[in-house]
Amino acid sequence: MKTTSSPLSESPGRAGLPIHVDALGAKIAELSAHIQAATYRLLVLIREFDQRHGWHNQGARSCAHWLNWRTGLDLGAAREKVRVARALEHLPRISEAMNGGEVSYSKVRAMTRVATPDNEAELLGFAKAGTAAHVERLVRVWRRVDRATECQEARNQRRHRYLRAYTDEDGMLVLRGRLPADVGAAVLKALEAAEEALYQKQKLGRATPEDHSLEDELTPGKRRADALGLLAETALQHGFDSLGDKATAADRYQVVLHLDAEALEEDGETGQAALESGVRVSAETSRRLACDSSKVVMRHDSSDRTLDVGRKTRTVPPSLRRALAHRDRGCRFPGCGLEICDSHHIRHWADGGKTKLDNLLLLCRGHHTAVHEHGFGVRLHPDGTPRFHDPQGRPIPVAPPPPRLPARPTDALRTEHTERGLRSDPLTAFPTWEGKAVDLDMALMYFLPDRPQLETTAPSC
(Lines give C-alpha, C1' and ligand atoms only; values in the text may rest on other atoms or scores of the structure.)
Protein backbone atom coordinates (compact mmCIF):
# COMPACT_ATOMS: atom_id res chain seq x y z
CA MET A 1 0.00 0.00 0.00
CA LYS A 2 1.40 3.39 -0.96
CA THR A 3 1.54 5.89 1.91
CA THR A 4 1.53 9.65 1.67
CA SER A 5 3.15 12.16 3.95
CA SER A 6 2.71 15.84 4.62
CA PRO A 7 3.96 18.11 1.85
CA LEU A 8 5.89 20.04 4.51
CA SER A 9 7.91 16.99 5.51
CA GLU A 10 8.87 16.52 1.88
CA SER A 11 10.16 20.08 1.43
CA PRO A 12 13.53 19.77 -0.31
CA GLY A 13 16.69 21.00 1.34
CA ARG A 14 19.75 22.43 -0.38
CA ALA A 15 20.77 19.02 -1.72
CA GLY A 16 17.24 18.17 -2.83
CA LEU A 17 16.66 15.91 0.20
CA PRO A 18 13.64 16.21 2.56
CA ILE A 19 14.19 18.57 5.49
CA HIS A 20 14.08 17.00 8.95
CA VAL A 21 10.98 18.03 10.87
CA ASP A 22 13.06 19.80 13.58
CA ALA A 23 14.88 21.81 10.94
CA LEU A 24 11.52 22.61 9.38
CA GLY A 25 10.29 23.99 12.71
CA ALA A 26 13.45 26.06 13.04
CA LYS A 27 12.90 27.55 9.60
CA ILE A 28 9.31 28.45 10.54
CA ALA A 29 10.47 30.19 13.72
CA GLU A 30 13.22 32.07 11.88
CA LEU A 31 10.96 33.20 9.05
CA SER A 32 8.32 34.29 11.60
CA ALA A 33 10.90 36.54 13.26
CA HIS A 34 11.69 38.08 9.87
CA ILE A 35 7.96 38.61 9.27
CA GLN A 36 7.56 40.39 12.63
CA ALA A 37 10.43 42.72 11.74
CA ALA A 38 8.86 43.39 8.36
CA THR A 39 5.49 43.98 10.04
CA TYR A 40 7.09 46.65 12.23
CA ARG A 41 8.39 48.40 9.13
CA LEU A 42 4.90 48.15 7.65
CA LEU A 43 3.42 49.81 10.77
CA VAL A 44 5.98 52.63 10.58
CA LEU A 45 5.00 53.27 6.96
CA ILE A 46 1.29 53.15 7.85
CA ARG A 47 1.83 55.71 10.62
CA GLU A 48 3.67 58.10 8.31
CA PHE A 49 1.06 57.64 5.56
CA ASP A 50 -1.69 58.32 8.10
CA GLN A 51 0.02 61.40 9.53
CA ARG A 52 0.53 62.84 6.06
CA HIS A 53 -3.11 62.09 5.13
CA GLY A 54 -2.09 60.12 2.06
CA TRP A 55 -5.37 58.24 2.27
CA HIS A 56 -7.35 61.50 1.98
CA ASN A 57 -5.53 62.42 -1.23
CA GLN A 58 -6.88 59.23 -2.81
CA GLY A 59 -10.46 59.73 -1.68
CA ALA A 60 -10.60 57.21 1.17
CA ARG A 61 -12.68 57.92 4.28
CA SER A 62 -9.82 56.95 6.62
CA CYS A 63 -6.43 55.28 6.61
CA ALA A 64 -8.11 51.99 7.55
CA HIS A 65 -10.50 52.24 4.60
CA TRP A 66 -7.53 52.94 2.32
CA LEU A 67 -5.73 49.83 3.63
CA ASN A 68 -8.88 47.79 3.06
CA TRP A 69 -9.09 49.03 -0.55
CA ARG A 70 -5.40 49.12 -1.48
CA THR A 71 -4.02 46.05 0.31
CA GLY A 72 -7.09 43.83 0.71
CA LEU A 73 -6.85 43.88 4.50
CA ASP A 74 -10.07 43.26 6.44
CA LEU A 75 -11.47 46.59 7.67
CA GLY A 76 -11.39 45.56 11.34
CA ALA A 77 -7.79 44.35 11.03
CA ALA A 78 -6.90 47.55 9.17
CA ARG A 79 -8.26 49.69 12.01
CA GLU A 80 -6.14 47.70 14.47
CA LYS A 81 -3.05 48.19 12.30
CA VAL A 82 -3.58 51.96 12.31
CA ARG A 83 -4.18 52.02 16.08
CA VAL A 84 -1.05 50.00 16.82
CA ALA A 85 1.02 52.07 14.40
CA ARG A 86 0.00 55.28 16.17
CA ALA A 87 0.67 53.81 19.62
CA LEU A 88 4.16 52.56 18.75
CA GLU A 89 5.33 56.11 18.02
CA HIS A 90 5.48 56.71 21.79
CA LEU A 91 6.77 53.26 22.80
CA PRO A 92 10.46 53.05 21.79
CA ARG A 93 11.33 49.86 23.70
CA ILE A 94 8.45 47.83 22.30
CA SER A 95 9.20 49.26 18.86
CA GLU A 96 12.83 48.20 19.07
CA ALA A 97 11.89 44.67 20.15
CA MET A 98 9.40 44.24 17.32
CA ASN A 99 11.84 45.72 14.83
CA GLY A 100 14.30 43.01 15.86
CA GLY A 101 11.69 40.26 15.52
CA GLU A 102 11.73 39.54 19.28
CA VAL A 103 8.00 39.99 19.88
CA SER A 104 5.10 39.18 17.60
CA TYR A 105 2.47 41.55 16.28
CA SER A 106 -0.12 39.71 18.42
CA LYS A 107 1.80 40.55 21.59
CA VAL A 108 2.41 44.14 20.49
CA ARG A 109 -1.25 44.60 19.59
CA ALA A 110 -2.24 43.55 23.11
CA MET A 111 0.48 45.58 24.87
CA THR A 112 -0.38 48.81 23.05
CA ARG A 113 -3.81 48.80 24.67
CA VAL A 114 -2.30 49.60 28.08
CA ALA A 115 1.35 50.46 27.45
CA THR A 116 2.81 53.86 28.27
CA PRO A 117 6.42 55.10 28.19
CA ASP A 118 6.52 54.53 31.96
CA ASN A 119 5.43 50.87 31.98
CA GLU A 120 6.50 49.57 28.57
CA ALA A 121 9.79 48.11 29.84
CA GLU A 122 8.03 45.91 32.41
CA LEU A 123 5.30 44.93 29.94
CA LEU A 124 7.91 44.02 27.37
CA GLY A 125 9.71 41.78 29.87
CA PHE A 126 6.43 39.97 30.57
CA ALA A 127 5.73 39.61 26.84
CA LYS A 128 9.17 38.16 26.10
CA ALA A 129 8.79 35.63 28.89
CA GLY A 130 5.24 34.51 28.10
CA THR A 131 3.05 33.61 25.19
CA ALA A 132 0.62 35.81 23.28
CA ALA A 133 -2.22 34.24 25.28
CA HIS A 134 -0.53 35.29 28.56
CA VAL A 135 -0.21 38.86 27.35
CA GLU A 136 -3.84 38.99 26.21
CA ARG A 137 -5.06 37.69 29.59
CA LEU A 138 -2.92 40.18 31.49
CA VAL A 139 -4.15 43.09 29.40
CA ARG A 140 -7.80 42.05 29.77
CA VAL A 141 -7.53 42.01 33.56
CA TRP A 142 -5.45 45.18 33.54
CA ARG A 143 -8.11 47.07 31.64
CA ARG A 144 -10.81 45.96 34.04
CA VAL A 145 -9.05 47.56 36.99
CA ASP A 146 -7.76 50.63 35.20
CA ARG A 147 -10.44 53.18 36.03
CA ALA A 148 -9.11 55.83 33.70
CA THR A 149 -9.21 53.35 30.84
CA GLU A 150 -12.78 52.43 31.71
CA CYS A 151 -13.80 56.08 31.49
CA GLN A 152 -12.14 56.29 28.12
CA GLU A 153 -13.92 53.10 27.08
CA ALA A 154 -17.25 54.70 27.94
CA ARG A 155 -16.43 57.54 25.55
CA ASN A 156 -15.25 55.04 22.95
CA GLN A 157 -18.57 53.19 23.22
CA ARG A 158 -20.38 56.34 22.18
CA ARG A 159 -17.93 56.97 19.39
CA HIS A 160 -18.14 53.43 17.98
CA ARG A 161 -21.88 52.84 18.23
CA TYR A 162 -23.64 51.58 15.11
CA LEU A 163 -26.60 49.54 13.90
CA ARG A 164 -26.62 47.81 10.53
CA ALA A 165 -29.41 45.96 8.78
CA TYR A 166 -29.36 43.80 5.68
CA THR A 167 -31.55 41.17 4.06
CA ASP A 168 -30.15 37.65 4.05
CA GLU A 169 -30.35 35.24 1.12
CA ASP A 170 -33.56 33.71 2.47
CA GLY A 171 -35.27 37.10 2.73
CA MET A 172 -34.87 37.45 6.51
CA LEU A 173 -33.78 40.83 7.88
CA VAL A 174 -30.51 40.60 9.83
CA LEU A 175 -29.63 43.24 12.42
CA ARG A 176 -26.14 43.75 13.80
CA GLY A 177 -24.87 46.55 15.98
CA ARG A 178 -23.04 47.81 19.01
CA LEU A 179 -24.71 50.15 21.49
CA PRO A 180 -23.33 52.00 24.51
CA ALA A 181 -24.15 50.23 27.75
CA ASP A 182 -26.82 52.74 28.83
CA VAL A 183 -28.53 52.75 25.43
CA GLY A 184 -28.34 48.96 25.34
CA ALA A 185 -29.97 48.77 28.76
CA ALA A 186 -32.84 50.99 27.54
CA VAL A 187 -33.32 48.81 24.45
CA LEU A 188 -33.39 45.65 26.56
CA LYS A 189 -35.93 47.20 28.95
CA ALA A 190 -38.13 48.15 25.99
CA LEU A 191 -37.89 44.62 24.62
CA GLU A 192 -38.76 43.18 28.03
CA ALA A 193 -41.82 45.45 28.22
CA ALA A 194 -42.90 44.36 24.73
CA GLU A 195 -42.38 40.69 25.64
CA GLU A 196 -44.54 41.19 28.72
CA ALA A 197 -47.27 42.84 26.61
CA LEU A 198 -47.24 39.89 24.20
CA TYR A 199 -47.38 37.45 27.12
CA GLN A 200 -50.39 39.22 28.64
CA LYS A 201 -52.06 39.29 25.24
CA GLN A 202 -51.63 35.53 24.87
CA LYS A 203 -52.63 34.93 28.49
CA LEU A 204 -55.93 36.73 27.96
CA GLY A 205 -56.55 34.73 24.80
CA ARG A 206 -56.29 37.70 22.43
CA ALA A 207 -53.42 36.35 20.40
CA THR A 208 -54.23 35.95 16.71
CA PRO A 209 -53.22 32.90 14.66
CA GLU A 210 -50.61 35.06 12.93
CA ASP A 211 -48.82 35.73 16.23
CA HIS A 212 -47.40 32.22 16.26
CA SER A 213 -48.55 28.79 15.19
CA LEU A 214 -49.14 25.92 17.59
CA GLU A 215 -46.39 23.95 15.85
CA ASP A 216 -43.93 26.80 16.36
CA GLU A 217 -41.91 26.32 19.54
CA LEU A 218 -41.80 29.76 21.15
CA THR A 219 -38.14 29.96 22.17
CA PRO A 220 -36.69 32.98 24.02
CA GLY A 221 -35.09 34.15 20.79
CA LYS A 222 -38.41 34.03 18.95
CA ARG A 223 -40.18 35.85 21.77
CA ARG A 224 -37.62 38.64 21.55
CA ALA A 225 -38.00 38.82 17.77
CA ASP A 226 -41.77 39.14 18.18
CA ALA A 227 -41.19 41.84 20.80
CA LEU A 228 -39.00 43.83 18.41
CA GLY A 229 -41.74 43.64 15.79
CA LEU A 230 -44.25 44.95 18.32
CA LEU A 231 -41.94 47.85 19.18
CA ALA A 232 -41.64 48.80 15.52
CA GLU A 233 -45.39 48.58 14.88
CA THR A 234 -46.15 50.64 17.99
CA ALA A 235 -43.66 53.34 16.98
CA LEU A 236 -45.07 53.55 13.45
CA GLN A 237 -48.65 53.63 14.72
CA HIS A 238 -48.17 56.34 17.34
CA GLY A 239 -45.22 58.17 15.80
CA PHE A 240 -42.92 60.44 17.74
CA ASP A 241 -45.28 63.34 18.28
CA SER A 242 -44.11 63.76 21.86
CA LEU A 243 -40.71 64.83 20.53
CA GLY A 244 -42.06 67.98 18.93
CA ASP A 245 -44.78 69.65 16.89
CA LYS A 246 -46.10 66.89 14.62
CA ALA A 247 -47.31 69.34 11.99
CA THR A 248 -43.87 70.83 11.42
CA ALA A 249 -41.50 68.09 12.60
CA ALA A 250 -40.41 67.06 9.09
CA ASP A 251 -39.87 70.62 7.90
CA ARG A 252 -37.74 71.45 10.93
CA TYR A 253 -35.16 68.93 9.72
CA GLN A 254 -34.91 70.32 6.20
CA VAL A 255 -31.93 72.37 5.04
CA VAL A 256 -33.29 75.32 3.08
CA LEU A 257 -31.10 76.68 0.30
CA HIS A 258 -31.90 79.90 -1.57
CA LEU A 259 -30.10 80.20 -4.89
CA ASP A 260 -30.10 81.79 -8.30
CA ALA A 261 -30.51 79.46 -11.24
CA GLU A 262 -27.05 80.43 -12.51
CA ALA A 263 -25.46 79.02 -9.37
CA LEU A 264 -26.40 75.50 -10.41
CA GLU A 265 -24.93 75.75 -13.88
CA GLU A 266 -21.54 74.08 -14.27
CA ASP A 267 -19.79 77.23 -15.48
CA GLY A 268 -22.07 79.66 -13.72
CA GLU A 269 -20.22 82.53 -12.04
CA THR A 270 -22.96 85.08 -11.36
CA GLY A 271 -25.43 83.06 -9.32
CA GLN A 272 -25.52 83.27 -5.54
CA ALA A 273 -26.52 80.63 -2.99
CA ALA A 274 -27.23 80.96 0.72
CA LEU A 275 -28.72 78.92 3.53
CA GLU A 276 -31.85 80.03 5.39
CA SER A 277 -29.63 81.59 8.05
CA GLY A 278 -27.98 83.79 5.42
CA VAL A 279 -24.68 81.91 5.37
CA ARG A 280 -23.22 81.88 1.86
CA VAL A 281 -22.29 78.55 0.31
CA SER A 282 -20.17 77.84 -2.74
CA ALA A 283 -21.59 77.01 -6.14
CA GLU A 284 -20.31 73.44 -5.89
CA THR A 285 -21.88 73.03 -2.44
CA SER A 286 -25.19 74.22 -3.82
CA ARG A 287 -24.86 71.78 -6.75
CA ARG A 288 -24.27 68.93 -4.29
CA LEU A 289 -27.21 69.90 -2.07
CA ALA A 290 -29.46 70.21 -5.11
CA CYS A 291 -28.22 66.93 -6.60
CA ASP A 292 -30.53 64.78 -4.44
CA SER A 293 -33.05 66.89 -2.59
CA SER A 294 -36.60 68.10 -2.30
CA LYS A 295 -37.17 71.41 -4.02
CA VAL A 296 -39.84 74.09 -3.72
CA VAL A 297 -39.95 76.87 -6.33
CA MET A 298 -40.77 80.32 -4.89
CA ARG A 299 -41.43 83.30 -7.14
CA HIS A 300 -40.40 86.74 -5.91
CA ASP A 301 -41.02 90.23 -7.20
CA SER A 302 -38.39 92.92 -7.65
CA SER A 303 -38.65 93.83 -3.94
CA ASP A 304 -37.99 90.18 -3.00
CA ARG A 305 -41.53 89.70 -1.74
CA THR A 306 -42.81 86.15 -2.18
CA LEU A 307 -45.54 85.97 -4.81
CA ASP A 308 -46.33 82.25 -4.70
CA VAL A 309 -44.89 78.97 -3.48
CA GLY A 310 -45.00 75.84 -5.62
CA ARG A 311 -45.42 72.25 -4.54
CA LYS A 312 -42.51 70.35 -3.03
CA THR A 313 -41.11 67.81 -5.48
CA ARG A 314 -38.33 65.25 -5.30
CA THR A 315 -35.40 65.48 -7.71
CA VAL A 316 -35.11 61.67 -7.59
CA PRO A 317 -38.56 60.07 -7.16
CA PRO A 318 -38.93 57.19 -4.67
CA SER A 319 -39.45 54.53 -7.36
CA LEU A 320 -36.23 55.49 -9.13
CA ARG A 321 -34.42 55.71 -5.82
CA ARG A 322 -35.45 52.12 -5.03
CA ALA A 323 -34.15 50.93 -8.39
CA LEU A 324 -30.91 52.82 -7.82
CA ALA A 325 -30.45 51.29 -4.36
CA HIS A 326 -31.10 47.82 -5.80
CA ARG A 327 -28.51 48.33 -8.54
CA ASP A 328 -25.70 50.01 -6.57
CA ARG A 329 -26.07 48.42 -3.09
CA GLY A 330 -24.20 51.32 -1.46
CA CYS A 331 -21.63 53.98 -2.27
CA ARG A 332 -19.92 53.22 -5.60
CA PHE A 333 -16.68 55.06 -4.80
CA PRO A 334 -13.82 52.50 -4.85
CA GLY A 335 -13.27 50.94 -1.42
CA CYS A 336 -16.32 52.50 0.26
CA GLY A 337 -19.67 50.67 0.04
CA LEU A 338 -21.35 52.71 2.80
CA GLU A 339 -25.09 52.06 2.64
CA ILE A 340 -26.41 55.50 3.67
CA CYS A 341 -26.06 57.46 0.44
CA ASP A 342 -27.15 60.40 -1.71
CA SER A 343 -28.30 60.03 -5.29
CA HIS A 344 -25.67 61.73 -7.46
CA HIS A 345 -26.41 63.05 -10.95
CA ILE A 346 -23.31 62.25 -13.02
CA ARG A 347 -24.36 65.07 -15.34
CA HIS A 348 -26.18 67.57 -13.11
CA TRP A 349 -29.83 68.16 -13.87
CA ALA A 350 -29.11 71.90 -13.98
CA ASP A 351 -26.75 71.22 -16.92
CA GLY A 352 -29.34 69.20 -18.79
CA GLY A 353 -28.63 65.81 -17.20
CA LYS A 354 -31.59 63.45 -17.06
CA THR A 355 -32.93 62.05 -13.80
CA LYS A 356 -32.63 58.53 -15.17
CA LEU A 357 -30.96 55.41 -13.88
CA ASP A 358 -28.10 55.63 -16.37
CA ASN A 359 -27.25 59.14 -15.14
CA LEU A 360 -27.47 58.38 -11.40
CA LEU A 361 -25.06 56.89 -8.91
CA LEU A 362 -25.16 56.26 -5.18
CA LEU A 363 -22.46 58.10 -3.22
CA CYS A 364 -22.11 58.44 0.54
CA ARG A 365 -22.16 61.98 1.90
CA GLY A 366 -18.36 62.15 2.19
CA HIS A 367 -17.69 61.01 -1.37
CA HIS A 368 -20.59 63.06 -2.73
CA THR A 369 -18.84 66.07 -1.23
CA ALA A 370 -15.49 64.91 -2.64
CA VAL A 371 -16.91 64.69 -6.18
CA HIS A 372 -18.64 68.07 -6.04
CA GLU A 373 -16.22 70.11 -3.96
CA HIS A 374 -12.80 68.45 -3.71
CA GLY A 375 -11.93 67.89 -7.35
CA PHE A 376 -12.69 64.17 -7.64
CA GLY A 377 -14.60 63.12 -10.72
CA VAL A 378 -16.68 60.28 -12.12
CA ARG A 379 -17.74 59.27 -15.61
CA LEU A 380 -20.10 56.50 -16.62
CA HIS A 381 -18.70 54.30 -19.37
CA PRO A 382 -20.95 52.82 -22.09
CA ASP A 383 -20.99 49.48 -20.29
CA GLY A 384 -22.52 51.20 -17.23
CA THR A 385 -19.37 51.00 -15.11
CA PRO A 386 -18.46 54.19 -13.22
CA ARG A 387 -14.82 55.30 -13.52
CA PHE A 388 -13.48 57.63 -10.83
CA HIS A 389 -10.41 59.84 -10.91
CA ASP A 390 -8.60 61.95 -8.33
CA PRO A 391 -8.14 65.75 -8.50
CA GLN A 392 -5.00 65.23 -10.64
CA GLY A 393 -6.98 63.21 -13.17
CA ARG A 394 -5.41 59.88 -12.23
CA PRO A 395 -7.81 56.92 -12.39
CA ILE A 396 -8.87 55.26 -9.13
CA PRO A 397 -9.27 51.53 -9.79
CA VAL A 398 -12.02 49.54 -8.11
CA ALA A 399 -9.54 46.81 -7.16
CA PRO A 400 -5.87 47.90 -7.33
CA PRO A 401 -3.48 45.30 -8.78
CA PRO A 402 -1.16 43.60 -6.26
CA PRO A 403 2.46 44.79 -6.21
CA ARG A 404 5.07 42.80 -8.08
CA LEU A 405 7.32 40.74 -5.83
CA PRO A 406 10.74 39.26 -6.58
CA ALA A 407 10.92 35.64 -7.68
CA ARG A 408 12.02 34.52 -4.19
CA PRO A 409 10.46 37.06 -1.79
CA THR A 410 11.55 35.20 1.36
CA ASP A 411 15.21 35.25 0.33
CA ALA A 412 14.90 38.92 -0.60
CA LEU A 413 13.43 39.64 2.85
CA ARG A 414 16.30 37.86 4.60
CA THR A 415 18.87 39.66 2.47
CA GLU A 416 17.34 43.05 3.16
CA HIS A 417 17.24 42.40 6.92
CA THR A 418 20.86 41.24 6.89
CA GLU A 419 21.87 44.44 5.12
CA ARG A 420 20.04 46.41 7.84
CA GLY A 421 21.94 44.55 10.56
CA LEU A 422 19.08 42.34 11.75
CA ARG A 423 20.14 38.83 12.77
CA SER A 424 17.12 36.59 13.29
CA ASP A 425 17.33 32.91 14.17
CA PRO A 426 14.88 30.23 15.42
CA LEU A 427 15.28 31.43 19.05
CA THR A 428 14.83 35.17 18.43
CA ALA A 429 11.21 35.26 19.65
CA PHE A 430 11.32 32.13 21.82
CA PRO A 431 9.50 32.73 25.16
CA THR A 432 11.29 31.94 28.42
CA TRP A 433 8.10 30.62 30.05
CA GLU A 434 8.73 27.32 31.82
CA GLY A 435 5.15 26.08 31.80
CA LYS A 436 4.11 27.24 35.27
CA ALA A 437 0.67 28.77 35.84
CA VAL A 438 0.66 32.55 35.48
CA ASP A 439 -0.39 34.40 38.64
CA LEU A 440 -2.20 37.39 37.15
CA ASP A 441 -2.91 38.93 40.55
CA MET A 442 0.79 38.97 41.39
CA ALA A 443 1.57 40.36 37.95
CA LEU A 444 -0.91 43.20 38.47
CA MET A 445 0.58 43.93 41.88
CA TYR A 446 3.91 44.38 40.11
CA PHE A 447 2.59 46.54 37.27
CA LEU A 448 -0.10 48.44 39.21
CA PRO A 449 0.92 48.54 42.90
CA ASP A 450 -1.73 51.17 43.68
CA ARG A 451 -4.46 49.55 41.66
CA PRO A 452 -8.05 49.54 42.94
CA GLN A 453 -9.65 46.24 43.86
CA LEU A 454 -11.84 44.62 41.23
CA GLU A 455 -14.93 45.19 43.34
CA THR A 456 -14.19 48.89 43.79
CA THR A 457 -16.82 51.11 42.20
CA ALA A 458 -15.41 52.89 39.18
CA PRO A 459 -15.58 56.69 39.15
CA SER A 460 -18.27 58.48 37.21
CA CYS A 461 -17.44 58.95 33.55
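The values are calculated or read from the model by the stated rules, or taken from the named source; none is laboratory data. Just so we're clear, the structure is a prediction, and the values are computed from it rather than from any experiment. Here the Cβ is made from the backbone with ideal geometry for all residues, glycine too, and neighbour counts use every protein chain on show. Quick note on the areas: whole protein, heavy atoms, side chains included, nothing else; ligands and nucleic acids left out. Shrake-Rupley method; radii C 1.70, N 1.55, O 1.52, S 1.80 Å.
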To the nearest 10 square angstrom, what accessible area does Phe333 show with a 1.4 Å probe? 10
5 Å is the cut-off here: which amide hydrogens, built 1.01 Å from N in the peptide plane, fall below it relative to Ile396, excluding neighbours closer than 5 in sequence? Phe388, His389, Asp390
Provide the per residue accessible area, probe 1.4 Å, for segment 34-178, rounded to a whole number of square angstrom. 55
Inter-part distance where segment 119-138 and segment 32-96 are each reduced to a Cα centre, Å: 22
Go through Thr432, Thr112 and list them by solvent-accessible area, largest first, probe radius 1.4 Å. Thr432, Thr112
What is the sum of charges, Lys and Arg at +1 and Asp and Glu at -1, for the other residues whose Cβ falls under 12 Å from the Cβ of Pro117? -3
Förster radius 35 Å - calculated FRET efficiency between Arg224 and Val141, Cβ distance, rounded to 0.05: 0.65
Report ³J(HN,Hα) in whole Hz for each residue of segment 373-388, in order, from the Karplus equation J = 6.51 cos²θ - 1.76 cosθ + 1.60 where θ = phi - 60°; Gly and Pro get x. 10, 10, x, 6, x, 8, 10, 9, 6, x, 7, x, 8, x, 10, 9
Taking K and R as +1 and D and E as -1, what net charge do the other residues with C-beta under 12 Å from the C-beta of Gly337 add up to? +2
Taking amide H positions as placed 1.01 Å from N in the peptide plane, with prolines and chain starts having none, which residues 5 or more places from Leu362, or on another chain, fall under 5 Å of its amide H? Arg332, His344
Order of exposure, largest accessible area first, which applies to Leu43, Leu24 with probe 1.4 Å: Leu24, Leu43
Round to the nearest 0.05 the FRET efficiency obtained for Leu175 and Tyr199 when R0 = 22 Å and r is the Cβ-Cβ distance. 0.45
Quickly work out the Met445-to-Arg159 label distance, labels modelled 7 Å from Cα along the C-beta direction, and quote it in nm with one decimal. 3.5
On the accessible surface of segment 392-433, probed at 1.4 Å, how many percent belong to carbon and sulfur atoms? 61
Keeping every protein chain present and rolling a 1.4 Å probe, give me the accessible area per residue for segment 322-396 in Å². 51
Within 15 Å, Cβ to Cβ, of His389, how many net charges do the neighbouring residues add up to if Lys/Arg are +1 and Asp/Glu are -1? +3
